[in-house]
Amino acid sequence: MSAWAARHGIARRPTRAVLFDFSGTLFDDTSVITADRLVARCAVRDRKLGTARARELCAGILAAVDSPEGQARRARADLSAERHRRVWTGLAASAVGGDTLIAEAFYDCVIAADGWRPYPDTPGVLSALHEAGIPTAVVSNTGWDIRGSFARSGLTGLVADFVLSCEVGIQKPDTAIFRAACDRLGVMPGDALMVGDDAARDGAATAAGIPAYILPADRSPYRPRGLAAVLDLLGRDDEAL
């Protein structure tokens, strides 16, 4: 039993695999959409855009994306790459001042590998699990292939598998996606741990018999995400992190 489990009076089977969410869990999701990045993506398309105007456009597009209508349109957008692109670019183009070129540039910001940065403690925790022989899988609701962000950060070899909604046609909180991840890693649900930042989506793993650890909502790209607690849950040494 780990120190954390002992303190809380919890006894459970040894964890043989860990499932991680992507956005807001392993990689920062607060620095992807910025005025500078939109300016750069528009420049590639021969559209000159000032920083102040880009900032207004980013705010307007995000407002459209997060509006009730936007949330309704995005509800199943992660089930395929084609649907994701269509929904997100459509919402971006519908924002005040938006158009097709702006929408495509915005979408590039969303999916480009260089826009996603791992939290400071992500490499150390993934390395510790890898060295301990505990396989990991990334289970993500996403409309694009996120493997490029892991490759760019030198983390590809630390993840055994990627179970992405746009590839498997299932998205959280459907318990089938968690079971699929366990099947790929060759473990029973009760022998895995799901780590994420969304109590509803990631926490749904418990309905599949997989214990879940939900990270705090507060986060910053410059601070450890709190992932070392995962090693404590598993009884692993985190002194090197």
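The values are calculated or read from the model by the stated rules, or taken from the named source; none is laboratory data. Please read all numbers here as calculations on a predicted model, not as lab measurements. With ideal geometry, Cβ positions are generated from the backbone for all residues, glycine too; neighbour counts draw on all protein chains shown.
Some values worked out for this structure:
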{"item": "Output for the stretch 66-82, where each listed residue is within 12 Å of residue 143 (Cβ to Cβ) and in a helix (DSSP H, G or I)", "result": "74, 77, 78, 79, 81, 82"}
{"item": "Criterion (surrounded by fewer than 18 Cβ atoms within 10 Å (Cβ to Cβ), in contact with a strand residue (DSSP E or B) (Cβ under 6 Å, 6 or more places away or on another chain) and more than 15 Å from residue 22 (Cα to Cα)) met by exactly one of 175, 206", "result": "206"}
{"item": "Sole exception among (1) of a type outside the set (A, V, I, L, M); (2) modelled with pLDDT of 95 or more; (3) under 23 Å from the mean Cα position of the chain (by Cα) for residue 100, by number", "result": "(3)"}
{"item": "Filter pass, residue 137 being in contact with an Asp or Glu (Cβ under 7 Å, 6 or more places away or on another chain), on the phi < 0 side of the Ramachandran plot, outside any loop (DSSP other than H, G, I, E, B) and of a type in the set (A, V, I, L, M)", "result": "yes"}
{"item": "Condition check for residue 128: in a helix (DSSP H, G or I) and assigned by TED's automatic domain parsing to the domain that holds residue 18", "result": "yes"}
{"item": "Residue that is farthest from residue 137 (Cα to Cα), among those in the stretch 209-223 that are out of contact with any Gly (no Cβ under 9 Å at 6 or more places or on another chain) and either among the aromatic types (Phe, Trp, Tyr) or surrounded by 14 or more Cβ atoms within 10 Å (Cβ to Cβ) (or both)", "result": "222"}
{"item": "Pair list, Cβ < 8 Å and 6+ apart or interchain, from the stretch 92-121 residues that are free of Cβ contacts under 8 Å to residues at least 12 places away in the same chain to residues that are in a loop (DSSP other than H, G, I, E, B) and of a type in the set (Asp, Glu)", "result": "93/99"}
{"item": "Pair list, Cβ under 8 Å, 6 or more apart: the stretch 38-51 residue free of Cβ contacts under 8 Å to residues at least 60 places away in the same chain and among the charged types (D, E, K, R), other residue in a helix (DSSP H, G or I) and surrounded by fewer than 16 Cβ atoms within 10 Å (Cβ to Cβ)", "result": "47/101"}
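For (1) assigned by TED's automatic domain parsing to the domain that holds residue 141; (2) over 21 Å from residue 80 (Cβ atoms); (3) without any contact (Cβ under 8 Å) to a residue 12 or more places away in the chain, each residue gets a yes or a no:
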residue: 156; (1), (2), (3): yes, yes, yes
residue: 162; (1), (2), (3): yes, no, no
residue: 169; (1), (2), (3): yes, no, no
residue: 175; (1), (2), (3): yes, no, no
residue: 192; (1), (2), (3): yes, yes, no
residue: 199; (1), (2), (3): yes, yes, no
residue: 207; (1), (2), (3): yes, yes, no
residue: 215; (1), (2), (3): yes, yes, no
residue: 220; (1), (2), (3): yes, yes, no
